[in-house]
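Below you'll find the structure, written out as structure tokens, and then a few comments.
The values are calculated or read from the model by the stated rules, or taken from the named source; none is laboratory data. Quantities reported herein were computed from a predicted structural model and do not represent experimental measurements. Please note: Cβ atoms are built from the backbone with ideal geometry, for glycine as well, and neighbour counts cover all protein chains shown. Ligands, DNA and RNA are excluded from the accessible area calculation, which covers all protein heavy atoms including side chains. Shrake-Rupley method; radii C 1.70, N 1.55, O 1.52, S 1.80 Å.
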Amino acid sequence: MIHSFHIPVLGLAYTVSTPFKVAKYGISSVVSIVDDILIEEMRKFHSQEFNKPYTPIAPDAQDSRAQRTTAYLNLMKEVVEEQFKALRNEPFEEGTDITRYFEMLPETEELKQLYNDMLTTTEVKAKLSLQEKLRGLIKPGNIDVNIMSKVDKNNVNADGEALEAIYSDALASLRGFANSNLESSIILSAGMNPRLYSYLEEFPDFFANESGEIKKKVVLKVSDYRSAVIQGKFLAKKGIWVSEFRVESGLNCGGHAFATSGLLMGPILEEFKNKREEIIDSIFEIYQKALAEKGINIAFPPHMNVSAQGGIGTHKEDVFLREYYQLESTGWGTPFLLVPETTQVDDDTLKRLVDAKPTDFYISNASPLGVPFSNFKNSSIEEERLKRIAKGVPGSPCKKKFLVSNTEFGAEPLCLASRKYQHLKINQLNEQNLPKEEHDQQFNAITEKICLCEGLSVSAYIKNNIQRKEKNRAVAICPGPNMAYFNRIFTLEEIVGHIYGKINLLSNSNRPHVFVNELNLYVEYLQNDIKQSLKSLNDKKIKYLNDFKNQLLQGIAYYKELVPKMTKESLNNRTAILKQFQDIETFLKQLEIKTPVLA
């Protein structure tokens, strides 16, 4: 990698066009390929923008979901290659893209040092020679894609007849990537889907050649070492190598948050660091045998990266993570939502984010998937949700049906955010004649769900003035808690400069360290779990909660030994970080988890 960071997937729409914006500068980013309706609209839009032919792929066309995905990714590859070729041929002058490419590189990068040498060289022939050498060494960033593995609805044809499993949402999206011209990675997130993982085996591009080269790589987003081993071995049996384990904080991240049972990011990364060779060897033994059965003989394991993302906010944190835990890269997502030239955030939502207070960002139960979700209180979709409740019509129209799953009210699966489901569920609730406090609590839990299919995609339509039949303009956005510390619009150069320590964009000097932030989120998560479980606490739940607390205490003990090693931080900062850990430790030790005594 040219850069030491990547831009992770941000919702359905926020990074759907990002490679068009940043890949030519050597910056890698991740595109969600879940929403084929959005992808088709963006293909039409960008085809016009870049003067490319566009032939629509109708929703009822054979294998339309996969076809749309392939067509969009091929367009992206073609355009980025043309952009990069043009950049490579530009003069090294102020304002050109090739100059911008090199100016954004970190000072520690060898290419940047060679560039600086070129700038200071006065002899014309030597200067031109260095320029040609620089042109030959640069490369574009990766166009990677993401699928949430378990968002995998089975589909039916126009007559309502069930289609084969290969036409399910996740498998069709995977096929779309597999059939594309990209040579990049697919990031699989949200846990293991055996059907999807097994389907990888159907596409030769996912297999290594005898030199260990893989055209299309698999990256697993994981939240702990154990799950990484299980998933890695499952794939190895299919002859699929995991080229990267992308460790994401369970709670200190944007979008869906997959909380661990109190296992914190530092100890997780420590385990990956200490067992790197062990995981490679154990997986390769299985992998080598599986490939041999397919007639592919490979002597050495392909490279396996480990990266981390979730809540990183300063250059010092970034450097420490990469150097101490021996990471190949880090993911920076949330701050890029404030960079209009890189992400698809509409102007109204952008202003709301800039004006937001720290308390406006929180972990919610708003997702229909039933998974904790990083939410923004001042989003327009929250306004719309409350207006619908006030009008007596809670819930959203369910058009795309990507998240339908509940069959409580019949064979037809419903989305928990849909108007139909919430109407049925509220009627059921009203029939129970519960005390007002309990009724209101359950009512709020039902109506808290928001439509993510529309909410996480509509911003791209608004920003690009794309006209649609649907008039909905309510935007859902899911930044991580880090958004509270960035409070203005930035240029790409500014954010990259912040990551590399050239400038400091943080608005609040009191921002806790990334590890402290995550710990605070887990303590709050534990407290909420205790509160919600008070009426139904049993021995099993009490044991779970105490194990959770003890896991947090073990994490704190680890951090107390780690803080002195954070030599990039000043002595005052290290002292403050240690004090914060000690304060949280004291609080947790005093937190009792037991069955309440009823009066």
Next on the checklist: I need the phi-derived Karplus couplings for the range 416-423: 6.51 cos²θ - 1.76 cosθ + 1.60, θ = phi - 60°, integer Hz, Gly and Pro marked x.
Outcome noted: 5, 8, 6, 4, 5, 5, 5, 4
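Among 357/579; 217/579; 150/217, which pairs are too far apart, with a Cα-Cα distance over 31 Å? Don't skip to the end; give the middle numbers.
Working: 357/579 25 Å; 217/579 43 Å; 150/217 19 Å.
Cα-Cα > 31 Å for 217/579; rest within.
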Checklist outcome for this item: Checking rank on 431-442, 4-15, with mean other Cβ inside 10 Å and highest first, the result is 4-15, 431-442
Checklist outcome for this item: Taking protein heavy atoms only, a 1.4 Å probe, and rounding to whole percent, the accessible area of the range 1-133 owed to carbon and sulfur comes out at 51 percent
Checklist entry - Under the classification rounded if a/c is under 1.5, otherwise prolate if a/b is larger than b/c and oblate if not, where does the chain fall, given a ≥ b ≥ c as square roots of the Cα gyration tensor eigenvalues? => result rounded
Next on the checklist: Run the reach check for residue 77 against aspartates and glutamates, Cα to Cα strictly under 16 Å, same-chain hits fewer than 8 apart removed. What comes back?
Outcome noted: 40, 49, 144, 183
Checklist outcome for this item: Sorted on mean Cβ neighbours within 10 Å (highest first), peptides 393-400, 573-580, 304-311 come out as 304-311, 393-400, 573-580
Next on the checklist: Can you report the principal axis dimensions of the range 189-312 using only the alpha carbons, biggest first, rounded to whole angstrom?
Outcome noted: 43, 29, 21
Next on the checklist: For the range 484-599, take every pair of Cα atoms, bin their distances at 5 Å starting from 0, and report each bin as a whole percent.
Outcome noted: 2, 9, 16, 17, 14, 12, 10, 8, 6, 3, 1, 0, 0
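Kindly rank 206-215, 469-478 from highest to lowest mean number of other beta carbons found within 10 Å of each residue. The partial results should precede the final answer.
Numbers: 206-215: 15.4, 469-478: 18.9.
The peptides rank, most packed first, as 469-478, 206-215.
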Item to check | Within-15-Å neighbourhood charge of residue 572 [Cβ basis; K, R +1; D, E -1] | outcome: +4
Checklist entry - Extent of the range 269-332 along each principal axis, from alpha carbon coordinates, in Å, largest to smallest? => result 47, 21, 16
Checklist entry - Looking at the range 1-108, which GluC sites (Glu not before Pro) are in a loop (DSSP not H, G, I, E or B) and have at most 14 other Cβ atoms within 10 Å? => result 93, 94, 107
Checklist outcome for this item: Going through 24/139; 549/589; 112/221; 387/420; 237/294 one by one, the pairs whose alpha carbons sit over 19 Å apart turn out to be 112/221
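What number, in percent, do you get for the relative contact order of the chain if the mean sequence gap of Cα pairs under 8 Å and at least 6 apart is divided by its residue count?
Working: 1000 pairs, mean separation 85.2, N = 599.
Answer for the chain is 14 percent.
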Item to check | Percent antiparallel among DSSP beta bridges (both partners in the chain, rounded to 5) | outcome: 20 percent
Checklist entry - Over the range 311-393, what percent of the accessible surface lies on carbon and sulfur atoms, probe 1.4 Å? => result 52 percent
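Give me the accessible area per residue for the chain, probe 1.4 Å, as a whole number in Å². Could the numbers behind the result be given before it?
Values: 26920 Å² over 599 residues.
On a per-residue basis, the chain sits at 45 Å².
Using C-alpha positions alone, give me the convex hull volume of the range 284-373 per residue in cubic angstrom.
Details: hull volume 19.6 nm³, N = 90.
Per residue, the Cα convex hull of the range 284-373 comes to 218 Å³.
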